[in-house]
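The values are calculated or read from the model by the stated rules, or taken from the named source; none is laboratory data. It should be emphasised that the depicted structure is a prediction, and the values quoted were computed from it without experimental measurement. Because the Cβ atoms are built from the backbone with ideal geometry, glycine has one as well, and the counts that use them run over all protein chains shown.
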Amino acid sequence: MTVAAPRRRLADRDGALAWIFLLPSVVYIVALVAVPFFLAISFSVSDVTAGDPSYDFVGLRNFRAVFDDPVFWRSLGNTLLFTGVSVALIVVLGKVLANILVADFRGKWLVRFLVLLPWTTPVTLGAVSWLWMLDSIYSPIDWVLRQLGFLGPGENMYWLGRPGLAMASVIAVHVWRLTPLAAVITMAGLIAIPRDLDEAARVDGAGYWRRMFEVTVPMALPVIAVSALFGAIFTFTDMAVVDVLTNGGPTNATQVLTSWAFTRGIEGGDVGQGAAIALFLLPLLLAAAIAILRAVRRMEL
């Protein structure tokens, strides 16, 4: 007499559970990433506009128009400058903040809360606060500079009205917002470093800076590279800070690809050209991600 094998419950079936747990992520990625991406490709080769939503295939006409647009090339250069400077500052300042957060001192929880506050604050709310801080007339930063004697009576910096200062201001606000994220990621890497290595370096007579650059930084490089990757992705795809502070001005001095794609495609109504501009973010993001991930792989070998 053969005994029938007991039926396995769903909770014991690893293969079925794996698909069930993966399904929400797959649906999320398809709905919010894959569908918009293929829609952007479709719109980029069409003549769809806000006034005429009918679809007509036009080939590469939108891309040729984008290449002939001087604002596009300026936006591309601004994007590379904005991303490069921002990521460098985010990584360096994130490492500095991470060292402070892992130190043992009284009130550490309060310091960690204050450091994380810019990241938890909604980006538009933080940008609006900085818009007031950098106001051309009532800026408190200008008031402090006047009190210290760096500005004359009634003199203002016009942070958002001069091309160089406007770009510097946008970069500073973006760095202020993303540095806490880099600090938390880097802090996780610093905590994972075995204390024995630091103690051995102390016994050998290594000072603080030598331990930092010969022990701590090499051991934390893979995690620092991950924070750089996240910083690059968020910077490439972010337009909220630029939109709130300068709206791409003055004279397109702070225009980046995301803001220019929004201006052309949504505000200007030319959906096809807006999609064509937005698609240029893909090769830039892929190049940055591949370069950083390859560097991380070499560090781990």
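Among the residues of the range 29-61, the ones that are out of contact with any Gly (no Cβ under 9 Å at 6 or more places or on another chain), of a type in the set (Ser, Thr, Tyr) and either modelled with pLDDT under 85 or part of a loop (DSSP other than H, G, I, E, B) (or both) come to 2 in all. One residue alone among Ile290, Ile266 is over 17 Å from the mean Cα position of the chain (by Cα), at pLDDT below 90 and part of a helix (DSSP H, G or I), and that residue is Ile266. Just to be sure before I move on: is Arg64 part of a helix (DSSP H, G or I), surrounded by fewer than 15 Cβ atoms within 10 Å (Cβ to Cβ) and among the basic types (Lys, Arg) in the structure I sent? Here the answer is yes, as Arg64 does meet what is asked.
The set of residues from the range 70-89 being farther than 20 Å from Leu286 by Cα and touching a residue at least 60 places away in the same chain (Cβ under 8 Å) comprises Val71, Arg74, Leu89.
In the range 248-257 there is at least one residue that is surrounded by 13 or more Cβ atoms within 10 Å (Cβ to Cβ) and in a helix (DSSP H, G or I).
Just one of the numbered conditions (1) under 30 Å from Val223 (Cβ atoms); (2) surrounded by fewer than 15 Cβ atoms within 10 Å (Cβ to Cβ) is not true of Trp73: (1).
Give the residue that is nearest to the chain's Cα centre (by Cα), with candidates limited to residues of the range 86-145 that are among the hydroxyl-bearing types (Ser, Thr, Tyr) and in a helix (DSSP H, G or I). Among those that are among the hydroxyl-bearing types (Ser, Thr, Tyr) and in a helix (DSSP H, G or I), it is Ser86.
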